[in-house]
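Read the structure below first, then the notes.
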Amino acid sequence: MQRIALQDVEVSSFSQARCAAVDKASEMLTRPAIVAWKDDRNGRMAPEIPGAKGDRWHDYGEHNNGALELQIGDSYHFIFAEADGFVEPDTNLATLDDNGRTFMCLNDACTEEDKQKLGYFSGGGIGG
């Protein structure tokens, strides 16, 4: 997996960091999809793995086709997979819009706010 640190990017929120990561990933991958992420400012991460300790979010991203890891500033980390070969429709993949940027993420890598906007069902897939 390729790892890139973008230290010079000024962001003040998770949403801004995610947009910066999506922009950079879009330069490097045909169809980037967020597989896992971590927000060091508040200790949140996805996917949330019950009982997991340490960097299980990172292990998950690496072992689920993670091709690119981006660190935005000192606090935000995102792992992307190349979704160009994914079969559509893939019920484990959500298409999101954040401040005009459309991107994809695995359902487990969506934030709780994203899931509420999508009508996400905890049993898997996307409802509406």
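Taking the range 94-128 as the range and being at pLDDT 65 or above and β-branched (V, I, T) as the test, the residues that pass are T95, T102, T111. Against the definition (under 22 Å from K117 (Cβ atoms) and among the β-branched types (V, I, T)), how does T30 come out, yes or no? For T30, the condition - under 22 Å from K117 (Cβ atoms) and among the β-branched types (V, I, T) - is not met. Test A94 against the stated conditions and say whether it is without any contact (Cβ under 8 Å) to a residue 60 or more places away in the chain and in contact with a helix residue (DSSP H, G or I) (Cβ under 8 Å, 6 or more places away or on another chain). The answer is yes for A94. Every listed requirement among (1) touching a residue at least 40 places away in the same chain (Cβ under 8 Å); (2) touching a helix residue (DSSP H, G or I) at 6+ places or on another chain (Cβ under 7 Å); (3) of a type in the set (A, V, I, L, M) is met by I49 save one, (1).
Residue under question is R56, and the condition is that it be touching a Ser or Thr at 6+ places or on another chain (Cβ under 8 Å) and either over 15 Å from M1 (Cβ atoms) or modelled with pLDDT under 90 (or both); does it hold?
Taking the combined requirement at face value, the residue does not satisfy it.
What do you reckon, is T91 surrounded by fewer than 14 Cβ atoms within 10 Å (Cβ to Cβ), within 12 Å of the chain's Cα centre (by Cα) and either modelled with pLDDT under 90 or in a loop (DSSP other than H, G, I, E, B) (or both)? No; evaluated as a whole, the condition is false for this residue.
The values are calculated or read from the model by the stated rules, or taken from the named source; none is laboratory data. Keep in mind the model is a prediction, meaning the values are calculated, not measured. All Cβ positions, even for glycine, are placed from backbone atoms using ideal geometry, and neighbour counts span all protein chains on display.
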